[in-house]
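Participant: Let me give you the structure first, and then I'll get to my questions.
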Amino acid sequence: MLIPKLLGVEEFGYWQLFIFYTQYGGFLHFGLIDGIYLREGGKEYRQLDYSSLGYQLRMFSIWQILILLVFVYIGLINVTPARTYTILASCLFIFLSNIMSFLMYVLQAVNDIKSVALGKILMTLFFVAFTVFLLGFRITHFEPYIICYIISNIACEIYYIAKSKEIVKAVFVSSKASYRVEMMQNVKMGIVLLLANICGMLILGYGRFLVDQTWGIKSFAVVSFAFMFVNFFMTFCNAGQSCVISGIETLGCDKGECFLY
């Protein structure tokens, strides 16, 4: 509540535009992360194929860079400096966030909810500390807040890398062709869930996009301020759902099905 009051309408609008862009960055994994979560769910961490997941993580990083380079070019040819900064910062954050999500979903699939929660808490604490510092000095530009948000995400990512070091440092023990088959199976399974999420997000997101393109950044700021409270509630519901599903998977088929019915 203090950030929009201090930043003002236009600066807050660019801050929300950054948040808006990064929300759709998760679609760039094309269902890979969701597929890994669905197929690996219920296993213990030591049962995972570190080499296969390590290969998928490397390939995932490469295709993220290639796709985001297109958006970097779009940002560089933009005539508005503030919007250019927002697009470039969004690209950097999306790359880091998707790598973090990959590792987070693996930990979540093996029901290591404690590590997932600690990573999120670490990111939140970093961002709150930075925000209090910026508010204390009455910083009224949106750029420092974006930088602090990215740094907070990096702190969380480092923690997840430490918890998943066997995957990050994995050495390939089989042919890359077998890893590619496994990767495509994850994409085929996860793309269905991804498309379901896209339909839900585009209904709200397309309206906000039209507001920005038609009425400008100030109107976008006002609309985003209202949607911010809705997102708080939706995030809480999604977090609860993820914890419940991971817990049911560990019960096994018979007990899990009985629980659901």
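The values are calculated or read from the model by the stated rules, or taken from the named source; none is laboratory data. None of the values given here were measured: they were computed from a predicted structure. Cβ coordinates were reconstructed from backbone atoms using ideal geometry, including for glycine residues, and neighbour counts include every protein chain displayed. With ligands, DNA and RNA removed, areas are computed over all heavy atoms of the protein, side chains included. Shrake-Rupley method; radii C 1.70, N 1.55, O 1.52, S 1.80 Å.
Participant: Scan region 23-36 and tell me whether some residue there is within 21 Å of Ile191 (Cα to Cα), of a type in the set (Ser, Thr, Tyr) and either modelled with pLDDT of 90 or more or open to solvent by 30 Å² or more (accessible area, probe 1.4 Å) (or both).
Facilitator: Within region 23-36 (the criterion being within 21 Å of Ile191 (Cα to Cα), of a type in the set (Ser, Thr, Tyr) and either modelled with pLDDT of 90 or more or open to solvent by 30 Å² or more (accessible area, probe 1.4 Å) (or both)), the answer is yes, since at least one residue qualifies.
Participant: Being more than 20 Å from Val181 (Cα to Cα), modelled with pLDDT under 85 and open to solvent by 60 Å² or more (accessible area, probe 1.4 Å), is that true of even one residue in region 51-74?
Facilitator: There is at least one residue in region 51-74 that is more than 20 Å from Val181 (Cα to Cα), modelled with pLDDT under 85 and open to solvent by 60 Å² or more (accessible area, probe 1.4 Å).
Participant: In region 35-46, is there at least one residue being free of Cβ contacts under 8 Å to residues at least 60 places away in the same chain and under 21 Å from Met104 (Cβ atoms)?
Facilitator: Yes, because at least one residue in region 35-46 is free of Cβ contacts under 8 Å to residues at least 60 places away in the same chain and under 21 Å from Met104 (Cβ atoms).
Participant: Here's another thing I want to ask about it. Give the residues of region 109-161 that are among the small types (Gly, Ala, Ser), modelled with pLDDT of 90 or more and farther than 30 Å from Glu40 by Cα, sorted by residue number.
Facilitator: Ala129
Participant: Identify all residues within region 174-204 that are within 16 Å of the chain's Cα centre (by Cα) and open to solvent by less than 30 Å² (accessible area, probe 1.4 Å); write none if there are none.
Facilitator: Across region 174-204, the qualifying residues are Gly190, Leu194.
Participant: Quickly run through region 136-170 and pick out the residues that are touching a residue at least 40 places away in the same chain (Cβ under 8 Å) and of a type in the set (D, E, K, R).
Facilitator: Arg138, Glu143, Glu157, Lys163, Glu166, Lys169
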